[in-house]
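A quick write-up on the structure given underneath.
The values are calculated or read from the model by the stated rules, or taken from the named source; none is laboratory data. Bear in mind that the values here come from a model prediction, so they are computed numbers and not experimental data. In this analysis, Cβ positions are derived from the backbone assuming ideal geometry, glycine residues included, and neighbour counts consider all displayed protein chains. The accessibility values were calculated without ligands, DNA or RNA, using every heavy atom of the protein model including side chains. Shrake-Rupley method; radii C 1.70, N 1.55, O 1.52, S 1.80 Å.
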Amino acid sequence: MGKTYEIVPEGGITAPKGFKAGGLHCGLKKTDRHDLGAIVCEVPAAAAAVYTTNLFQAAPLQVTRESLAEESVLRAVLVNSGNANACTGKQGEEDARTMRAELAEALGVPKHQVAVASTGVIGELLKMDRVSSGIAQLPAKLRGDAQGSDDFCQAILTTDLVKKTACVRLDVDGKTVTIAGAAKGSGMIHPNMATMLGFITTDAAISAALLQELLREATDVTFNMITVDGDTSTNDMVIAMASGLAGNRELSRDHADWTAFADGFRYVCRELAKAIARDGEGATKLIETTVTGAESDEAARAIAKTIIGSSLVKSAMFGADANWGRIIAAAGRAGVPLNVHTVDIRLGDISVLEQSRPVMFDEEAALEYLKGDTVAIHVDLNMGSGRAVAWGCDLTYDYVRINAAYRT
């Protein structure tokens, strides 16, 4: 069965009907790059979110939870980069609420219809005079075109080298529905229930409750399946907003076009997740690990994430070393059952292990393959029908250089 959605390469976060976005430099970053941005919907949008499970949760997450608890509706999301507003105590909470209130006033919307997100250095108070000045200027910067999307994407970046977007279109009830996403993330990437900062917009008519279910399900197989360095951030959050302006009959799981919509939604999440993994701090290549033949999908996920998160596997991939021993060792410590006599491993199309026994392979061909910018690791446990895919990146000298001086 072919794709039930059309990929829109040029589509951004403003592509769905009813959304505008923008960004500007307010002075939180030492460079003149944008560091304050917003996504705004012209109508109250059904909204959903997933959050980091790190016990140290940044103040903006608490404020966003409060907003969504009111009625699961949002008109705007305000984001700053350059400062995480995490581990900043009562003052940090007050600052996050001030940000929410000031944007709400500037837009003329209820404050509980505004979400707040922050990313950057932990443990430093926001320069609120600069933030407030920027918020006052934001409404004039909002645009419903590609420039608005690009300005927002630039505003949310920290150590990221590239902006991360994805967009699809599909037919629902004969109406054109668009799903778009934007994300940031490069380091401190090892999510559980959410990842970094992600934002998804759609003009489909869907209830907040069903949108929440879909976001959580999609997160489990996309954002939760990537890792860069094994660290889960204090600020991870993904927010989804649905304007309902496409004009379709409200989606339900029984709707004839539900599968197509859900597939498109997962595609956007998956492309954002892969883009984050590919842009890992210092990374030179994307690593995709596929585990098949597991006892369950859950077991396959555990093994795939353990392999992709192994510093030894990541280092071997950086060095283009076909060291399958690193891979099988990681699989064996994932904490789920496997038959140690039936494991097959391939690097791309090159078989290096069959039935847990090494096979002769062309070392030069493997070296050339592993030098590429994308490496596929295939592990077949030959036990059952469980399957999972995880994404990560290699571990390089530059990762240490970047993080050795992150604050300075």
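Details
- With all protein chains in place and a 1.4 Å probe, the accessible surface of the chain carries 49 percent carbon and sulfur.
- Cα-based helix-to-principal-axis angle, 146-155 vs the chain, degrees rounded to 10: 80 degrees
- Net charge in the neighbourhood of H25 (other residues with Cβ under 15 Å of its Cβ; Lys, Arg +1, Asp, Glu -1) is +1.
- Local net charge near G148, Cβ-Cβ under 12 Å (Lys/Arg +1, Asp/Glu -1): 0
- Helix 89-107 vs. the chain, principal-axis angle (Cα, 0 to 90°, nearest 10): 60 degrees
- For the chain, share of DSSP beta bridges that run antiparallel, in % to the nearest 5: 70 percent
- Report summary: the helix-based calculation at 222 nm, which adds -39500 (n - 2.57) for every DSSP H run with n ≥ 4 and divides by the residues of the chain, gives -10500 deg cm²/dmol.
- Of the Cα atoms belonging to the range 325-408, the radius of gyration and Dmax stand at 16.0, 50 Å.
- Label sites at E10 and D173, each approximated as a point 7 angstrom past Cα along Cα to Cβ, lie 3.0 nm apart.
- Between the helical axis of 258-278 and the longest alpha-carbon principal axis of the chain there is an angle of about 80 degrees.
- Looking at the chain, the accessible area is 40 square angstrom per residue; that uses a 1.4 Å probe and ignores ligands, DNA and RNA.
- For K20, the aspartates and glutamates whose Cα falls under 20 Å of its own Cα, not counting residues fewer than eight places away in the same chain, are E10, D35, E42, E102, E105, D145, D150, D151, D203.
- Between R253 and Q62, the FRET efficiency estimated from the beta carbon spacing at R0 = 41 angstrom works out to 0.85.
- Global geometry of the range 31-120, whether rounded, prolate or oblate, following the gyration tensor of its Cα atoms and the 1.5 cut on a/c: oblate
- Normalised by 2.2 N^0.38 Å, where N is the number of residues, the C-alpha radius of gyration of the range 255-315 stands at 1.40.
- In the range 1-56, the trypsin sites (Lys or Arg not before Pro) that fall in loop regions by DSSP, at most 11 other Cβ within 10 Å: K30
- q = 0.10, 0.13, 0.14 Å⁻¹: log10 I(q)/I(0) that the Debye formula gives for the chain, counting C-alpha atoms only: -0.66, -1.06, -1.18
- Overall form of the range 255-401: oblate. Here a/c, set by the Cα gyration tensor axes a ≥ b ≥ c, is 1.5 or more, and a/b is not larger than b/c.
- Over all projection directions, the Cα-based convex hull of the range 8-158 averages an area of 8.6 nm².
- Using bins of 5 Å that start at zero, the share of Cα-Cα pairs per bin across the range 4-44 amounts to 5, 19, 17, 16, 16, 14, 7, 3, 1, in whole %.
- Gain upon complete extension [N382, D297; 0.36 nm per residue less C-alpha separation]: 29.3 nm
- Counting all C-alpha pairs of the range 279-348, share separated by more than 20 Å (%): 26 percent
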